[in-house]
1. Arrange C26, C256 by Cβ neighbour counts within 10 Å, fewest through most, would you?
2. List the extent of the Cα atoms of segment 133-257 along each of their three principal axes, largest first, rounded to whole Å.
3. Points 7 angstrom from Cα along the Cβ direction at D43 and A245: gap in nanometres?
4. Hey, what do the phi angles of segment 70-80 turn into as Karplus ³J(HN,Hα) couplings, whole Hz, using 6.51/-1.76/1.60 and θ = phi - 60°, x for Gly and Pro?
5. Roughly what % of Cα-Cα distances in segment 122-192 sit above 21 Å, to the whole percent?
6. Normalized C-alpha radius of gyration of segment 152-220, against 2.2 N^0.38 Å?
7. In Å, what Kirkwood hydrodynamic radius results for the chain from the alpha-carbon pair distances?
8. Would you calculate the volume per residue, in Å³, of the smallest convex hull containing every Cα atom of segment 1-68?
Amino acid sequence: MSKLKNTFSSSLGKKLIMALTGLFLCTFLVVHLIGNLQLFKADGGKAFNDYAYFMTHFTPIKVVSYLLYTSIIVHALYALMLTLANRKARPVSYGAYAGSANSPWTSRNMGILGTVLLVFIVVHMSNFWYEYHWGKVPFVEYRTDLTTGQTTQTELAAADFKDYVKYIDNGVEITRAKDLYATTAFAFQTWWLVALYVLGMAALSFHLIHGFSSAFQTLGWDHKKYVPLIKMIGIWGFGVLIPLAFAAMPLYFFFCI
Ligand code: HEM
């Protein structure tokens, strides 16, 4: 037990934990992005509101959410501990590729990029996550005619149900839900919040361009057969595609809705 404790309190153990929590956070990003793509559906937010309810009320996902919050905190704390320890010992930053010619700027600035991201996550969770659970999110009713497939929607002044109901009445599917779509659309009418999100996604991009492949290096996955593939996924998937797709969301609401 104390051997295990020693491993995880050593510098290598901390790097291992950072790599594992970092890759878990990358997996979350993929799931979060796929879910949030519902925002682009021209259905008045029905699919997105269904998805938000499912994500916040389905027990296995709720359990994973607690793992997610813990991972964010552990990842940030260990980064801070490693940076302070490195500074004390020698001026070399965290990361297996630190100082390499491939990504010198990103590897030298992981701490700053991570800090910007942490601020982003705190602001972001207070915008949506806090609002959804404890804030003043409006309520909406969708009525879908099951014969024609046509849906109409009405904002509800007050709710006589808890968070969400769905039932069928005379061939009409009725869904009443918290309208997180409306909250999101409203939030992204504010230019400085949109700018903050785009800046946050730039930080995410640079953080992951280095961080994704660095995590695999720390875990010892440095076989020359796989390194080019890992780097390609890190740069084009996590460094470009995912941040661009996330940044498209606030920009879409600001310019197109
Ligand atoms: C820019 C586009 C984004 C939009 C529109 C968006 C939207 C949302 C919404 C509506 C929620 C609350 C509902 C839910 O819990 O599923 C949420 C939660 C969350 N978001 Fe985002 N998000 C975006 C990007 C990001 C990014 C880039 C990160 C991480 C770097 C992130 C991290 C989180 C976290 C940690 C939660 C709490 C999840 C949970 O409770 O399980 N989001 N987001």
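Any read-out appearing in this document is the output of simple, stated calculations on the displayed coordinates, not a laboratory observation. None of the values given here were measured: they were computed from a predicted structure. Every residue, glycine among them, receives a Cβ derived from its backbone with ideal geometry; neighbour counts consider all protein chains shown.
1. On the way: C26 18, C256 7.
Lowest count first: C256, C26.
2. 63, 34, 29
3. 1.8 nm
4. So the Karplus estimates, Gly and Pro as x, are 5, 4, 4, 5, 5, 4, 5, 5, 5, 4, 5 Hz.
5. Working: 886 of 2485 pairs.
Above the 21 Å cut-off, segment 122-192 has 36 percent of its Cα pairs.
6. In units of the 2.2 N^0.38 Å rule of thumb, it is 1.90.
7. Numbers: mean 1/r = 0.0489 Å⁻¹.
For the chain, inverting the mean 1/r across all distinct Cα pairs yields 20.4 Å.
8. Numbers: hull volume 5.4 nm³, N = 68.
Per residue, the Cα convex hull of segment 1-68 comes to 80 Å³.
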